[in-house]
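Notes to accompany the following structure.
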Amino acid sequence: MRLAYADPPYLGCGHMYTDTPQAALRTYDNPDAWADLIQRLDTEYDGWALSMTSGNLHDILPLAPREVRIAAWVKPFAAFKPNVRIAYTWEPVLFKPGRDRSKEGAPVGRDHHAANITMRKGLTGAKPRTFCGWVLDLLGWVPGDELDDIFPGTGVMADVVEARSSMTDDFELVALDI
């Protein structure tokens, strides 16, 4: 199965990517670039997931096909900003599972995940390992599936895929609620 995960610079956040080669990522400040990305994901992949900020959900959700679902990454620890009354402690993840049934081998999971943000990973918006594993579960990923990380950033998604791919059959992955 061919699956994809996309974590582009969030709409309106292009100013955070001023250094070369990230300057090209500023194109994602344009909703048309998001529409093109969603079209590519839906055309080229059996299943996909797309991260965004909650403030962009109203703009981006109408660009997605009807069968797409919304999952939530809840961040128990998040940065509070001066003069911002409500902290933004969750991010939506649009997803279209490649496998949607556990009888097809897809792991049983939840449409929300609680994990702290990463700190000092060298890239704005770097995701934690547990988040990457949760996205794989949303997609119904099983060893042998192909996963394209469209915006690889720190490479953590590839590391998680490699780690899961090398698990032996007698190892059961257990999600822990902390």
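Here, each number is a calculation from the coordinates, and none is a lab measurement. These figures come from a predicted structure and were not determined experimentally. We place every Cβ from the backbone using ideal geometry, glycine too, and count neighbours over all the protein chains shown.
Placing pseudo-labels 7 Å out from each Cα toward the beta carbon at Ser166 and Ala35 gives an inter-label distance of 4.4 nm.
What is the list of residues in region 129-145 whose amide nitrogen lies under 18 Å from a point 7 angstrom out from the Cα of Asp46, following Cα to Cβ? Residues 135-145 qualify, since their backbone N sits under 18 Å from the label point.
What the phi angles of region 62-74 give under the Karplus curve with 6.51, -1.76 and 1.60, with θ = phi - 60°, is a coupling list of x, 7, 8, x, 4, 6, 5, 10, 10, 10, 10, 9, 9 Hz, glycine and proline written as x.
In what sequence do Val108, Val161 fall when counting other Cβ within 10 Å, fewest first?
Val108, Val161
Taking 0.692 mPa s as the viscosity and 37 °C as the temperature, the Stokes-Einstein diffusion coefficient of region 2-165 based on its alpha-carbon Kirkwood radius rounds to 201 µm²/s.
Which of rounded, prolate, oblate describes region 21-117, given a ≥ b ≥ c as roots of the alpha-carbon gyration tensor eigenvalues and a/c under 1.5 marking rounded, otherwise prolate only if a/b is larger than b/c? Cα axes put region 21-117 in the oblate bin. Taking the average, over residues, of other Cβ atoms within 10 Å as the packing measure, peptides 145-152, 51-58, 131-138, 63-70 rank 131-138, 145-152, 51-58, 63-70 from highest down. The length gained by stretching the chain between Ala158 and Arg69 to full extension, at 0.36 nm per residue less their Cα-Cα distance, is 29.7 nm. Under 5 Å from the amide H of His112 lie the amide H atoms of Ala72, each residue being 5 or more positions distant or on a separate chain, with H modelled from the backbone and absent for Pro and chain starts. Bridges between two residues of region 2-165, per DSSP, are antiparallel at a rate of about 50%.
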